[in-house]
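The values are calculated or read from the model by the stated rules, or taken from the named source; none is laboratory data. Bear in mind that the values here come from a model prediction, so they are computed numbers and not experimental data. FYI the Cβ positions are ideal-geometry reconstructions off the backbone, even for glycines, and counts take in every protein chain you see. Side chains included, ligands, DNA and RNA excluded: accessible areas come from the protein's heavy atoms. Shrake-Rupley method; radii C 1.70, N 1.55, O 1.52, S 1.80 Å.
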Amino acid sequence: MLDVCLLGTGGMMPLPHRWLTSLLIRYNGRMILIDCGEGTQIPLKMAEWGFKAIDVILFTHYHADHIAGLPGLLLTLGNSGREEKVTIMGPPGLKKVVEGVTVISPQLPFPLELVELSDSEESEQYKSNIFITSIPVDHTLTCVSYSIEIKRQGKFDVEKAKNLNIPMNYWGRLQKGETIIMEDKVIKPEMVLGESRKGIKICYCTDTRPTEGLVPFVEKADLLICEGMYGHVDDSHKAVEKKHMTFYEAAILAKHGGVDELWLTHYSPALNDPEEYIHDTKAIFANTIAGKDLMTKTIKFQ
Ligand SMILES: [Zn+2]
Ligand SMILES: [Zn+2]
């Protein structure tokens with residue numbers, strides 16, 4: 001089971017009724033935050049999931065509306081009594097940006113681990129039992145999209161384990177995918193596990209034009225959170241020029257990727273009511289939802 005909370009849905013600047021786009025993911029009590037613009041601490045506080053368990057912070061790119069909230073958040077994490085390492089990941093330039101913004105959040109009581117992701121190919125990291133994959137996308141600055149996946153092993157086959165004379169106290173470790181060395185025998189998890197089962201996959205894509213690579217990247221996601229900077233078809237040329245997407249382009253991506261559900265986010269400040277365009281967007285991809293600040297969802301294993 002994994003929980004997501006879309007903290008904000010705005011692009012460019014926070015508005016009185018709309019915080020900047022950011023996503024909080026919780027799994028086994030640990031949390032990942034994607035993007036942290038100006039004011040992200042406010043919906044984080046309102047979500048009431050706490051701050052202390054944020055182990056990983058991911059950045060799509062270094063436009064202020066995605067990163068300017070970092071120094072304040074780090075100070076809050078410090079004040080929450082956190083002493084364990086915090087990992088920050090983002091495209092190349094991360095070290096320079098974090099060094100710059102942390103000038104105003106010095107003397108943190110926890111170490112920062114900085115992981116620069118590739119801007120030319122897909123890369124995969126493994127943190128807190130979660131696979132974090134990034135892919136370079138097409139924006140006015142170097143930018144990546146993310147896929148967060150919980151992979152799931154096959155079912156444990158009790159009969160097989162009994163036939164191999166494996167004591168019960170090893171079963172849990174094998175179930176988690178560990179190889180066991182028992183006296184002179186090596187027991188691999190595939191010897192006692194069935195076929196691997198569908199896990200959970202969430203994708204977060206902002207700010208970008210639709211790219212060819214995004215279709216296989218988001219394939220069969222349980223939830224795609226995708227930018228929809230513009231709702232009106234007449235704004236399509238702006239989306240091309242400013243390297244963003246319209247609602248319809250996000251819906252086409254969701255359809256081609258065969259995802260279960262699409263949440264739109266990163267609305268232009270000029271877009272007052274995203275609902276106005278949802279009817280037409282649903283004609284392309286029926287399970288589209290206009291994202292709202294603090295919208296949450298729990299995704300369970302099938
Ligand atoms: Zn943005
Ligand atoms: Zn941007």
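Annotation for region 80-96 versus region 14-41: alpha-carbon center distance of 15 Å.
Taking all Cα pairs closer than 8 Å and separated by 6 or more residues, the relative contact order of the chain comes to 17 percent. Among the trypsin sites (Lys or Arg not before Pro) in region 236-302, those placed in a DSSP loop whose Cβ has at most 11 other Cβ atoms within 10 Å are K300.
Positive contributions from Lys and Arg (+1) and negative ones from Asp and Glu (-1), summed over other residues with Cβ under 11 Å from the Cβ of I202, come out at -3.
Using DSSP, restrict attention to beta bridges with both residues in the chain and report what percent are antiparallel, rounded to the nearest 5.
Numbers: 37 of 63 bridges.
So the antiparallel bridges in the chain amount to around 60 percent.
Within straight-line reach of K255, meaning a Cα separation under 17 Å, sit the following aspartates and glutamates at least 8 residues removed in sequence or on another chain: E212, E219, D222, E227, D280.
Normalised radius of gyration (Cα atoms, divided by 2.2 N^0.38 Å) for region 73-136: 1.24.
Note that region 154-195 carries a Kirkwood radius of 10.0 Å, evaluated over its alpha carbons pair by pair. Computed 3J(HN,Hα) for region 156-170, one whole-Hz value per residue from the Karplus formula 6.51 cos²θ - 1.76 cosθ + 1.60 where θ = phi - 60°, is 6, 9, 4, 4, 4, 4, 5, 4, 8, 6, 8, x, 4, 5, 9, glycine and proline marked x. In the elastic network of the chain, a GNM with C-alpha springs shorter than 10 Å, the most mobile of G258, G72, G172 is G172. Pairs exceeding a 27 Å alpha-carbon distance, out of K242/K300; K220/K282; K198/K243: K242/K300; K198/K243.
Dividing the summed -39500 (n - 2.57) terms of all DSSP H runs of n ≥ 4 by the residue count of the chain sets its mean residue ellipticity at 222 nm at -5500 deg cm²/dmol. Take the chain with all the other protein chains still there, run a 1.4 Å probe, and you get 47 Å² of accessible area per residue. For region 114-184, trypsin sites (Lys or Arg not before Pro) meeting the loop criterion (DSSP other than H, G, I, E, B) and having at most 13 other Cβ atoms within 10 Å: K155, K176. Relative to the longest principal axis of the Cα atoms of the chain, helix 247-257 runs at roughly 20 degrees. The fraction of accessible area contributed by carbon and sulfur in the chain is 51 percent, rounded to a whole number (1.4 Å probe; ligands and nucleic acids excluded). Can you pull out the chymotrypsin sites (Phe, Trp or Tyr not before Pro) in region 201-302 whose DSSP state is coil and whose Cβ has at most 12 other Cβ atoms within 10 Å? Of the chymotrypsin sites (Phe, Trp or Tyr not before Pro), the ones in loops of region 201-302 whose Cβ has at most 12 other Cβ atoms within 10 Å are F301. For the chain, the alpha carbon convex hull comes to 146 Å³ per residue, rounded to a whole number.
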